[in-house]
Amino acid sequence: MRIAIIGAGPTGLVAALKLTQKNHQVIIFEKEKYPGGLMAGFKNKGWDWPLERFYHHLFTSDKTAIRLINELDLKEKFFFKEPKTSIFKNKQINRFDSAISLIKFPYLSLKERIRAGIATLSLKLTDNWPELEKIKAKEGLIDLYGQKTYEVLWKPLLKGKFGKFYQQISMAWFWARIKKRSTSLGYLEGGFQILIDKLAEKIKQNGGQILLNHEIKNSNELIHWSKFDKVVFTTPTETFLKIMKDKLPQDYSKNKVLPKAGSYKQELSQFKMMGTINLVLSLKESFLTEGTYWLNINDKSYPFVAVVEHTNFIDKSHYNNQTILYVGGYYPQNHRYFRAEARKDERPEGKRHFKMKKEDILKEWLPYLKKINPTFNYQLSIINYQLFSSLYAQPIVPINYSKNIPAHQTPIKNIYLANMQQICPWDRGLNYAIGMGKKIANLIENEEI
Ligand SMILES: Cc1cc2nc3c(=O)[nH]c(=O)nc-3n(C[C@H](O)[C@H](O)[C@H](O)COP(=O)(O)OP(=O)(O)OC[C@H]3O[C@@H](n4cnc5c(N)ncnc54)[C@H](O)[C@@H]3O)c2cc1C
């Protein structure tokens, strides 16, 4: 079969690998000038290893990803470490990544801490997510942990990830995070870019093609695709709907989610996403000097939710001895950080998503960074910095999500959709993108044209 895949993120690359291994002819169309999607790396002058545009690591539970790493002969380069995770609250950094650190956590009473430990263990042990997805995380968490612990620990997490949508999130989303998390975090020598490169190399060896800088914009391009037997969209759902808008059926309702039988577009449009902004700073000296890798910001007055000192996880010698600091957050897609108006004067022709200037974001965020580390002298310390953003970073996961997510087969014959909004009950991640890439390849193999 001749198969077109739209998007060279992990899902598209893995689908292409599996399909080319079965001797299908595959072409991937990728809008960016690099493959890898959200996981892709970049390299500054003097660095030995590329670095992900957005912070990335694996958990020990990410078995599908680890299997692929082994399959691609990258086993020797894959390693686990136990970097420090902490919470920033009341101007203090408190370690929060083990039973001992929970016992020492100062913002909860002993009773609350014991209850938190038992509650977390009970979530780790249960597999009954179908029951948990019927309730909202806010209610489930207050029930399980108590009001105070919810306010101190979990409300900031939910608000930080989902902003004004936080009250809609399902308890199953929270359960999935607890269930799959490990204190050991996995990384690859050379960064995740080497996984991307290896996938791309194998696809090409098998006769597949990856066309970079090739954005698919509308369904007219389907005319050229008539030579394809199957087309797989691994783009966000919104992008798929835009591209295919003329071809979508009007009277489709998969499972009567809507009160009346609505269009396929209406059904899919219910699923929303949060965007993200990541500022990556290269510094002359450490910022989280007490050694934390991942710092959750549990203070709603801050404009970001995480400060991640990558070089407290991975040795700085790979980055020319620079400290690498990610500062990031999740924002609704209409947030001013993403709005074109922010830079109307410089907006390139036809570009809808054009983010705020990195200089403006840094200026806005610097006072907060100073509050975390009052000795931080950015003028002396900063070597350079980059801003990365995506409008499609985190699916909003309401209750009963599994019952409503769209199938990979779309109502248009031989056109498939596979993206992070179709992952359930787990939270989005490389492991599940790889699993979905494999699944879609199997589906295509086993379906008639
Ligand atoms: C801030 C952040 C941190 C993360 N951290 C982790 C982590 O620590 N561990 C982990 O496992 N996962 C992490 N993830 C999730 C992981 O990056 C995703 O699960 C994974 O990249 C999803 O792969 P994908 O191929 O489905 O989608 P994407 O990576 O989004 O790829 C989709 C591709 O489609 C392309 N595309 C879109 N529109 C078009 C078009 N019209 N024409 C052609 N091409 C198009 C895009 O350019 C992109 O390359 C993180 C994600 C974010 C945002």
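So which of Asn442, Asn419 is modelled with pLDDT of 95 or more and more than 16 Å from the ligand (Cβ to nearest atom)?
When all the criteria are applied, what remains is Asn442.
Output the number of residues of segment 1-33 satisfying the condition of being more than 6 Å from the ligand (Cβ to nearest atom), outside any loop (DSSP other than H, G, I, E, B) and touching a strand residue (DSSP E or B) at 6+ places or on another chain (Cβ under 7 Å). It would help to see each step written out before you state the result.
Taking segment 1-33 first, the residues more than 6 Å from the ligand (Cβ to nearest atom) are 1-5, 13-28, 33.
Now restrict to residues that are outside any loop (DSSP other than H, G, I, E, B): 2-5, 13-21, 25-28.
Pick out the ones that are also touching a strand residue (DSSP E or B) at 6+ places or on another chain (Cβ under 7 Å) and you get 2-5, 15-16, 19-20, 25-28.
Of the residues in segment 1-33, 12 are more than 6 Å from the ligand (Cβ to nearest atom), outside any loop (DSSP other than H, G, I, E, B) and touching a strand residue (DSSP E or B) at 6+ places or on another chain (Cβ under 7 Å).
Give the residue, chosen from Gly36, Gly46, that is within 30 Å of Tyr385 (Cα to Cα), crowded, with 22+ Cβ neighbours inside 10 Å and either within 11 Å of the ligand (Cβ to nearest atom) or not aliphatic (A, V, I, L, M) (or both).
Just a single option satisfies the conditions, and that option is Gly36.
Pull out all pairs, ordered by first then second residue, where Cβ-Cβ is under 6 Å, the residues are six or more apart or on different chains, the first lies in segment 154-174 and is touching a residue at least 24 places away in the same chain (Cβ under 8 Å) and closer than 16 Å to Thr276 by Cα, and the second is among the basic types (Lys, Arg) and assigned to a helix (DSSP H, G or I).
The qualifying pairs are Tyr166/Lys159.
Looking only at segment 422-439, count how many residues are in a loop (DSSP other than H, G, I, E, B) and either over 29 Å from Leu188 (Cβ atoms) or within 13 Å of the ligand (Cβ to nearest atom) (or both).
Count: 5.
Based on this model, can you work out whether Leu211 counts as modelled with pLDDT of 85 or more, of a type in the set (A, V, I, L, M, F, W, C) and surrounded by fewer than 16 Cβ atoms within 10 Å (Cβ to Cβ)?
Considered against the rule, which asks whether it is modelled with pLDDT of 85 or more, of a type in the set (A, V, I, L, M, F, W, C) and surrounded by fewer than 16 Cβ atoms within 10 Å (Cβ to Cβ), Leu211 comes out as yes.
Among residues belonging to segment 51-73 that are surrounded by fewer than 19 Cβ atoms within 10 Å (Cβ to Cβ) and basic (Lys, Arg), point out the one that is farthest from the ligand (Cβ to nearest atom).
Arg67
Please determine, by comparing only the residues of segment 278-329 that are outside any helix (DSSP H, G or I) and aromatic (Phe, Trp, Tyr), which one is farthest from Glu359 (Cα to Cα).
As a first pass, look at segment 278-329 and keep what is outside any helix (DSSP H, G or I): 278-309, 313-315, 320-329.
The next check asks that each one be aromatic (Phe, Trp, Tyr); those that pass are 287, 293-294, 302, 304, 313, 326.
Details: Phe287: 19, Tyr293: 25, Trp294: 24, Tyr302: 18, Phe304: 16, Phe313: 27, Tyr326: 15 Å.
Here the residue is Phe313.
Can we say Ile396 is modelled with pLDDT of 95 or more, away from the ligand (no atom under 13 Å from the Cβ) and either more than 22 Å from Lys22 (Cα to Cα) or in contact with a Phe, Trp or Tyr (Cβ under 7 Å, 6 or more places away or on another chain) (or both)?
yes
The values are calculated or read from the model by the stated rules, or taken from the named source; none is laboratory data. Treat the numbers as computed from the prediction; the structure is a model and nothing was measured. So basically every Cβ, Gly included, is an ideal-geometry build from the backbone, and we count neighbours across all protein chains shown.
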